[in-house]
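Here is the structure we will look at.
The values are calculated or read from the model by the stated rules, or taken from the named source; none is laboratory data. The model shown is predicted, which means the values in this text are computed figures rather than measured ones. Counting neighbours? That spans all protein chains shown, and the Cβs are built from the backbone with ideal geometry, glycine included. The protein model used for the area step is the full one, side chains on, heavy atoms only, and it has no ligands, DNA or RNA in it. Shrake-Rupley method; radii C 1.70, N 1.55, O 1.52, S 1.80 Å.
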Amino acid sequence: MTREEVLLDFTSRFHEDILDLHDKSRSRVYVTITPESIVKIGTYLFRNVGARFNIASGTDMPPDIEILYHFIVEDINLLISLRVNLDRENPVIDSLGKDIEAMNWIEREMSELLGITFTGHPDPRRLLLADNWPEGVYPLRQDYEEWDETADRTRGI
């Protein structure tokens with residue numbers, strides 16, 4: 001498929017789920033979608049378009065928590081970044097980790113560091129923070145305050 005065919009198919013197939021599309025350059029498109037549509041759109045890009053999952057990133061952007069899921073269609077050099085905005089007070093989204101194995105660790109990281117709940121994640125245990133790290137304290141949130149100056153931050157490293 002060409003770039004134009006991929007984008008036409010994508011926008012016509014998911015027009016009800018797309019909130020905004022920013023065609024930044026020939027090789028990069030940002031698409032803001034509804035959080036409820038992440039699994040169907042992400043798995044469609046991965047399985048049907050043949051896009052490779054590149055990385056995801058979460059950011060505390062008051063009043064929301066933003067996640068960018070980056071997929072690359074290598075044959076046509078097109079990076080499609082799916083943007084979802086979650087309620088900062090209750091950041092919940094379905095997990096892509098159950099369908100795309102490469103998502104598992106990054107979802108675990110975002111869960112620990114930003115407090116995002118990934119519903120249906122296949123392995124939600126901690127990955128980075130110490131076992132004695134308190135629940136509800138998220139170090140990448142803008143309102144984070146150090147809770148214990150003597151806390152072990154090494155996680156065995």
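Residues that are in contact with a helix residue (DSSP H, G or I) (Cβ under 6 Å, 6 or more places away or on another chain) and assigned to a strand (DSSP E or B): does segment 88-101 have at least one? Scanning segment 88-101 turns up at least one residue that is in contact with a helix residue (DSSP H, G or I) (Cβ under 6 Å, 6 or more places away or on another chain) and assigned to a strand (DSSP E or B).
State yes or no: is Thr59 open to solvent by 50 Å² or more (accessible area, probe 1.4 Å) and outside any helix (DSSP H, G or I)?
Considered against the rule, which asks whether it is open to solvent by 50 Å² or more (accessible area, probe 1.4 Å) and outside any helix (DSSP H, G or I), Thr59 comes out as yes.
Conditions (1) over 25 Å from Asn104 (Cβ atoms); (2) hydroxyl-bearing (Ser, Thr, Tyr); (3) touching a helix residue (DSSP H, G or I) at 6+ places or on another chain (Cβ under 7 Å), marked per residue:
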position: Arg3; (1), (2), (3): yes, no, yes
position: Leu8; (1), (2), (3): yes, no, no
position: Ser12; (1), (2), (3): yes, yes, no
position: Glu16; (1), (2), (3): yes, no, no
position: Pro35; (1), (2), (3): no, no, no
position: Lys40; (1), (2), (3): no, no, no
position: Thr43; (1), (2), (3): no, yes, no
position: Arg47; (1), (2), (3): no, no, no
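Within segment 80-104, the residues that satisfy the criterion of being surrounded by fewer than 18 Cβ atoms within 10 Å (Cβ to Cβ) and either modelled with pLDDT of 95 or more or of a type outside the set (A, V, I, L, M, F, W, C) (or both) are Arg83, Asn85, Asp87, Glu89, Asn90, Val92, Asp99, Glu101.
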